[in-house]
Amino acid sequence: MQRIPVRAASAAYEVIVEADCLEKAAEYLGPVVKNRRLFVVADERVWHAQGDRLRKGLADLPFELITAELGEQRKRLSTVEAMAERLHQAGADRSAVLAAFGGGVAGDMVGFLGAAYMRGVDVIQIPTTLLSQVDSAVGGKTGVNLAGGKNLFGAFLQPKLALIDTHALDTLPEREIRAGLYEVIKYGVIWSPELFDLLENKRDAVLAREAELIERIVAESVRIKAEVVAEDEREGGLRRILNYGHTFGHALEAETRYELLLHGEAVGWGMIAAGRLGEALGTISHEERLRIERVILAYGPIPSLEGVDAARTAPRVMGDKKTIGGKTNFILPERIGQVKVVSDVAMDAVEAAMQAALDAVAASS
Ligand SMILES: NC(=O)c1ccc[n+]([C@@H]2O[C@H](COP(=O)([O-])OP(=O)(O)OC[C@H]3O[C@@H](n4cnc5c(N)ncnc54)[C@H](O)[C@@H]3O)[C@@H](O)[C@H]2O)c1
Ligand SMILES: [Zn+2]
């Protein structure tokens, strides 16, 4: 079991990482909930897969259950509104505590619901996908999609607690695991050579979901995210490094209409593109770039990107929403464990890097 403290500017809380902690949920949630009403707001599919374990773990801690059919398409304000109506009908007041049970979609939506319901109630995150365990459950970004783009409507709300049961990943499809692992590779490249080495050397054991290894990887990722968020909660500076692979990745997700790739897969591809751009601009050596790329591809396959046009996608990269003052920030690797922000990059360099990354993925599959 690992307890990881998060000390963000707006709030301090703990992240618990432990295999099977769902079965002991009351022990961890009890002190946070105290004698208030607890509402577990769950992704319906996750409740079917893992709900019995949480129910058992909450044993003497009374809770009310709200399940909803979720998914990226349903990550909209209207779904949050429906959840709010159900809370209100159930008589939830300002003292209610919400527990988000599911992947990043549930976490982002219930987090946002908590930020807005009665102008703010306490939220506990219980993430059940690898991506949400290593990334979205910690850090306080919440929100929903608009027709024009992802996560454009939301709020910052740090949870009171995040409870991470790595064993909940047992029922997660293989492809979702791989997608989450690309975000873990990201932490290795931006911050931790040790984590990167681990992923490089233990690929088979990681993909076989060896319990101790997964717990270590999740805890290390959370620790890195916590450190970054502690320094920069609202993404004024350091937090931008978490977008490594994302500037390219978001453009590719949009270009393929969010249908072809999981978010993590787009990030995997985006990190390849960022490496190619970095080498072209001289931020990273050829050997080091290759080492990163090999590890990313080793956790593949990334679905075929045949038909994606670099010339059409490059302008999307330049118009990424993280653009401030008309400049697109690229997070480029310098070496494993360190990245830098580069903002003056020409469109043709971006296009060339994209094409090279498309070719690399095509050659690997
Ligand atoms: N807030 C942040 O900082 C942040 C960071 C990264 C991503 N996100 C958001 O996270 C979302 C993606 O999250 P995700 O990848 O977890 O997707 P998700 O929540 O849609 O979950 C993926 C699928 O797995 C199912 N599932 C979840 N846990 C399961 C389990 N234990 N067993 C079986 N099935 C399970 C879900 O029902 C769903 O079908 C995106 O909307 C993205 O914008 C937010
Ligand atoms: Zn991401």
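Report yes if some residue within region 26-41 is closer than 20 Å to Asp170 by Cα and crowded, with 22+ Cβ neighbours inside 10 Å; otherwise report no. Talk me through it step by step, then tell me what you get.
To start, the set of residues in region 26-41 that are closer than 20 Å to Asp170 by Cα comprises none.
No, region 26-41 has no match at all.
What residue, among those in region 167-185 that are under 15 Å from the mean Cα position of the chain (by Cα) and buried (at least 23 other Cβ atoms within 10 Å of the Cβ), is farthest from ligand 1 (Cβ to nearest atom)?
Ile185
Wholly within region 238-306, which helices (runs of 4 or more DSSP H) include no fewer than the required count, namely at least 3 residues that are surrounded by fewer than 17 Cβ atoms within 10 Å (Cβ to Cβ)?
Working: elements: 246-255, 263-281, 286-298.
So the answer is 286-298.
With respect to Glu44, determine if the residue is within 11 Å of ligand 1 (Cβ to nearest atom), modelled with pLDDT under 95 and surrounded by fewer than 19 Cβ atoms within 10 Å (Cβ to Cβ). Show your work before the answer.
Details: within 11 Å of ligand 1 (Cβ to nearest atom): yes; modelled with pLDDT under 95: no; surrounded by fewer than 19 Cβ atoms within 10 Å (Cβ to Cβ): yes.
Spelling it out, it is not the case that Glu44 is within 11 Å of ligand 1 (Cβ to nearest atom), modelled with pLDDT under 95 and surrounded by fewer than 19 Cβ atoms within 10 Å (Cβ to Cβ).
Any residue at all in region 254-261 that's in contact with a Leu (Cβ under 9 Å, 6 or more places away or on another chain), under 25 Å from Gly140 (Cβ atoms) and within 15 Å of ligand 1 (Cβ to nearest atom)? Don't jump to the end; show me each part of the working.
Taking region 254-261 as the starting set, the residues that turn out to be in contact with a Leu (Cβ under 9 Å, 6 or more places away or on another chain) are 256, 260-261.
Those left that are additionally under 25 Å from Gly140 (Cβ atoms): none.
No, every residue in region 254-261 fails to be in contact with a Leu (Cβ under 9 Å, 6 or more places away or on another chain), under 25 Å from Gly140 (Cβ atoms) and within 15 Å of ligand 1 (Cβ to nearest atom).
Would you be able to tell me the number of residues in region 106-128 that are within 13 Å of ligand 2 (Cβ to nearest atom) and in contact with a Leu (Cβ under 6 Å, 6 or more places away or on another chain)?
0
Could you tell me whether Ile164 is touching a strand residue (DSSP E or B) at 6+ places or on another chain (Cβ under 9 Å), within 14 Å of ligand 2 (Cβ to nearest atom) and modelled with pLDDT of 95 or more? Please lay out each step first, then the result.
Numbers: touching a strand residue (DSSP E or B) at 6+ places or on another chain (Cβ under 9 Å): yes; within 14 Å of ligand 2 (Cβ to nearest atom): no; modelled with pLDDT of 95 or more: yes.
Spelling it out, it is not the case that Ile164 is touching a strand residue (DSSP E or B) at 6+ places or on another chain (Cβ under 9 Å), within 14 Å of ligand 2 (Cβ to nearest atom) and modelled with pLDDT of 95 or more.
From the residues in region 183-229 that are of a type in the set (Lys, Arg) and touching a residue at least 40 places away in the same chain (Cβ under 8 Å), which one is nearest to Tyr299 (Cα to Cα)? Give the steps one after another, and end with the answer.
Taking region 183-229 as the starting set, the residues that turn out to be of a type in the set (Lys, Arg) are 186, 202-203, 209, 216, 223, 225.
Then drop every residue that is not touching a residue at least 40 places away in the same chain (Cβ under 8 Å), which leaves 186, 203, 209, 223, 225.
Values: Lys186: 12, Arg203: 7, Arg209: 13, Arg223: 22, Lys225: 21 Å.
Filtering first and then ranking leaves Arg203.
Give the residues of region 307-318 that are of a type in the set (D, E, K, R) and either part of a helix (DSSP H, G or I) or not assigned by TED's automatic domain parsing to the domain that holds Leu199 (or both), sorted by residue number. Lay out the reasoning, then the answer.
We begin by selecting, within region 307-318, every residue of a type in the set (D, E, K, R); these are 309, 312, 316.
Passing the criteria: Arg312, Arg316.
Among the residues of region 238-253, is any among the charged types (D, E, K, R), away from ligand 1 (no atom under 11 Å from the Cβ) and within 29 Å of Ala8 (Cβ to Cβ)?
From region 238-253, those among the charged types (D, E, K, R) are 239-240, 253; that's our starting set.
From the residues that got through so far, the ones that are away from ligand 1 (no atom under 11 Å from the Cβ) too are 240.
Keeping just the survivors that are within 29 Å of Ala8 (Cβ to Cβ) gives 240.
The answer is yes, given that some residue of region 238-253 is among the charged types (D, E, K, R), away from ligand 1 (no atom under 11 Å from the Cβ) and within 29 Å of Ala8 (Cβ to Cβ).
The values are calculated or read from the model by the stated rules, or taken from the named source; none is laboratory data. Source: prediction; values computed, not measured. Glycine gets a Cβ as well: all are built from the backbone with ideal geometry, and neighbour counts include every protein chain shown.
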